[in-house]
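Novice: The structure is given below, and queries will be raised subsequently.
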Amino acid sequence: MPASSEGDPGTFAALEGRPERKRGPPGVSRRRVWRVGIDPDQILAAAVSSRRDRISFWDALILTAAAVAGCEEVLSEDLRHGQSFGRVRIVNPFRD
């Protein structure tokens, strides 16, 4: 799953290519990481979402890419656990 990292360069690596398996944080089972490409329409959608939802552009881009990839959940400690953006739900893997 694409994960929020406030525009960390590693985020871009997680947003292109093909699916692969990655080890999650301690206590979190392995989850599938989908790598997806970004196109201009997704960038524009993220800009709109960023203003509408009052989140960073980079988080909005991650959520847009996740929705296009068919992800149901995005791991993030930056966004509110349980919050939904369209059909994508935020999960904080470090939450007790």
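Values in this text are rule-based calculations from the coordinates and carry no lab data. Source: prediction; values computed, not measured. A quick note on method: Cβ atoms are made from the backbone with ideal geometry, for glycine too, and the neighbour counts reach across all protein chains shown.
Novice: Per-residue HN-Hα couplings for region 50-65, Karplus 6.51 cos²θ - 1.76 cosθ + 1.60 at θ = phi - 60°, whole Hz, x for Gly and Pro?
Specialist: The phi angles translate into 4, 6, 5, 8, 6, 10, 5, 4, 5, 5, 4, 5, 4, 5, 5, 5 Hz.
Novice: From the phi of every residue in region 78-90, what ³J(HN,Hα) in whole Hz does the Karplus formula 6.51 cos²θ - 1.76 cosθ + 1.60 yield, where θ is phi - 60° and glycine or proline is x?
Specialist: Along region 78-90, the couplings run 8, 9, 5, 4, x, 5, 10, 10, x, 9, 9, 10, 8 Hz.
Novice: Now for a different question. What distance in nm separates the two pseudo spin-label positions at R87 and V48, each 7 Å out from Cα along the beta-carbon direction?
Specialist: 1.7
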